[in-house]
Amino acid sequence: DGERAVLRQALARSNGNVAAAARLLGIGRATMYRRMERAGMAGGVH
């Protein structure tokens, strides 16, 4: 899935930091968690 690849790449570039990955993508942290959930990536408790 394309979105999952984009999210995973952003997370890798930010060393797993969700807030930093969200900034890289120009979205908010809450949006990042929602997109991760939708892409089937466990975002943990937030």
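Condition (residue is assigned to a helix (DSSP H, G or I), touching a Leu at 6+ places or on another chain (Cβ under 6 Å) and either at pLDDT below 95 or crowded, with 16+ Cβ neighbours inside 10 Å (or both)) applied to segment 38-46: is it met by at least one residue? Can you show your working first?
Of segment 38-46, the ones assigned to a helix (DSSP H, G or I) are 38.
Add one more test, that the residue is touching a Leu at 6+ places or on another chain (Cβ under 6 Å), and what stays is none.
No, segment 38-46 contains no residue that is assigned to a helix (DSSP H, G or I), touching a Leu at 6+ places or on another chain (Cβ under 6 Å) and either at pLDDT below 95 or crowded, with 16+ Cβ neighbours inside 10 Å (or both).
Residue by residue through segment 4-24, note down the ones that are part of a helix (DSSP H, G or I) and open to solvent by 60 Å² or more (accessible area, probe 1.4 Å). Show your work before the answer.
Of segment 4-24, the ones part of a helix (DSSP H, G or I) are 4-13, 18-24.
4, 6, 8, 9, 12, 13, 23, 24, listed by residue number.
The values are calculated or read from the model by the stated rules, or taken from the named source; none is laboratory data. Computed from a prediction, not measured in an experiment: that's the story for all the values here. FYI the Cβ positions are ideal-geometry reconstructions off the backbone, even for glycines, and counts take in every protein chain you see. For the accessible areas, the whole protein counts, side chains as well, though only heavy atoms, and no ligand, DNA or RNA atoms are used. Shrake-Rupley method; radii C 1.70, N 1.55, O 1.52, S 1.80 Å.
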